[in-house]
1. Got a number for the accessible area of Met167? Probe 1.4 Å, square angstrom, nearest 10.
2. Counting only heavy atoms of protein chains, what accessible area per residue, in Å², does region 101-146 have with a probe of 1.4 Å?
3. Suppose R0 equals 25 Å; then what is the FRET efficiency for Val210 and Gln361 from their Cβ-Cβ distance, rounded to the nearest 0.05?
4. Suppose the chain between Tyr287 and Phe120 were pulled fully straight at 0.36 nm per residue; how much longer would it get relative to their current alpha carbon spacing?
5. At a Förster distance of 35 Å, what's the computed FRET efficiency of Asp470 paired with Tyr24, Cβ-Cβ distance as r, to 0.05?
6. Could you put Thr464, Thr391, Thr479 in order of accessible surface area, largest first, with the 1.4 Å probe and the full protein assembly present?
7. Go through Val279, Val330 and list them by solvent-accessible area, largest first, probe radius 1.4 Å.
8. Convex hull over the alpha-carbon atoms of region 124-189: what's its volume per residue in Å³?
Amino acid sequence: MGNFIVNEGLSIFVILVWLGINAYLFVQFYMNFLVERWFYTRVLLGQALPWARAPAACLNFNCMLILLPVCRNLLSLVRGTIQCCSRTAARQLDRNLTFHKLVAYMIAFHTAVHIGAHLFNFEYFMDAQLNRNTSLLTFVLSEIGTRDNASFLNPIRSNETSPTIVMFTTIAGLTGVAITLALILMITSSMEVIRRSYFEVFWYTHHLFVIFFIGLVFHGYGRIVRGQTLASLGTNNPETCADQFEDWGQTGSNCTVPEFAGNPPMTWKWVVGPMFLYVCERIVRIYRSHQKVVITKVVMHPSKTLELQMKKKGFRMEVGQYVFILCPSVSRLEWHPFTLTSAPEEDYFSAHIRIVGDWTQALYEACGGDKTEPQEAWKLPKVAIDGPFGTASEDVFRYEVVMLVGAGIGVTPFASILKSVWYKRIQNNQDVFTKKIYFYWLCPETQAFEWFADLLQSLEGQMTEKGMTDFLSYNIYLTRWKETEAAHFRVHHEAENDPITGLKQKTLYGKPNWDNEFSNIASKHPGSKVGVFLCGPPQLGKSLEKQCLSHSAADVKFIFNKENF
């Protein structure tokens, strides 16, 4: 229980506070539209009025939040500021995209409620105009403002129109349609299957957020939903005048014709701050995109993995960080995230890029990956870099014992860590708090090992020379081969080094028994905090998180960290 609080306590607290604020706003604004000022509006609309206005308040709150988790530079600044004070708080910023998605789902939910209630509202407005009976209060209220008086209550001013026409001829209707269409496209294109397979579709449709926010700011300017003015309440009290509507405004009547007005637009007050911060964010990105980046070396690794080694004036990085790369010759708009595989101690920074989509294939070809002869330096494409940005892996040296788990290309952040560890060791850096690293690499096929095995071989040889073999323990798993299938292969390749990776440590087949691995580490390091770092699929993350919770006890605690970008 204690470790659950350490790992998830702050996240749960933030989510509960966020849900609590949503619940409070919904209830508060629902009750606000049950007061006397909105009595006549409720005569026309019934309970659909508060059901439309309450989610609108929640939409304002969540639209205020939605941009903040994607302000990468702001988050990096905040992370660096609070990291020295609270590692737990800093770790929550690594879940920024998860919170971004939760807020988006909440926006979708309240939008659906808001639209549903307004569909009923427009039908009620239309019915009030169609039932042209002066003995009905709804018709009398609908007729207010038909002359020169602009103080109308019913926005449908004629029985010869329709809610559809009103929808497309009013500010609220037009902006509402634009907002809804933009939201539907953004959410549907964000589904995992589309984002993974058609990243460009996700990228371009997500920029409909510009239309979404413009429509959001102007949505309330038509003031279609109106309530009785405070001055009018003094001359027409609904409690006493509602039943005397036939005598309104006549000589001898104590009840004047009520006047109505809409609330002033409030949405802009909620979103102007985050919009300003996001504009600043984009300005910083544009500035960085114009800083010169030089590609110093291009390496074509097996399995269509491209390594770019680059230099940029003033560029400083930490282990496990990532950058966004723009290649104008491929696309002038698309920025793609890649983990840095170089160490801070090196005089360049690098990224390994697996060729899996249209953009990466185009970059591969632009760098000469499809050619047999070497590419001349002046022919290499220009690139722009935004970053670096912090991730959970930055905290790796804050733990005495570390578990690194990479799946496939997810090993890239750990390349930076392992390189940096080596540099710190050969430089006798006394500031290194980490005493033991357990490294696990899970790959489906043998080809995936090829590009990273060279680094591991180098580290293995150098650590053997320095007598540091106990510092790094690594286990490499070929997950799509079973032990029985690999037996024949091993019989014909009995050698000191592994026949697949060339390492002294033999490749394992199948999937790790995480329960045994965690138990062994817990028994070897009592009284320690073990940092568990994963860069891999969500399913593996859930499994490791459960293991962290189940194997933590009073004498050893496993702290789970996962890469998110």
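1. That residue has around 60 Å² of solvent-accessible surface.
2. Numbers: 2200 Å² over 46 residues.
In whole numbers, region 101-146 has 48 Å² accessible per residue.
3. Numbers: r = 29 Å, r/R0 = 1.15.
Approximately 0.30, to the nearest 0.05.
4. On the way: separation 167, 0.36 × 167 = 60.12 nm, distance 4.85 nm.
So the extension gain works out to 55.3 nm.
5. Values: r = 55 Å, r/R0 = 1.58.
About 0.05, to the nearest 0.05.
6. Values: Thr464 70, Thr391 5, Thr479 40 Å².
Final ranking, largest accessible area leading: Thr464, Thr479, Thr391.
7. Val279, Val330
8. Details: hull volume 6.5 nm³, N = 66.
Once divided by residue count, the hull of region 124-189 is 98 Å³.
The values are calculated or read from the model by the stated rules, or taken from the named source; none is laboratory data. As the structure is a computational prediction, the values presented were derived from the model and not from experiment. FYI the Cβ positions are ideal-geometry reconstructions off the backbone, even for glycines, and counts take in every protein chain you see. When the accessible area is computed, the model is the full protein with side chains, heavy atoms only, and any ligands, DNA or RNA have been set aside. Shrake-Rupley method; radii C 1.70, N 1.55, O 1.52, S 1.80 Å.
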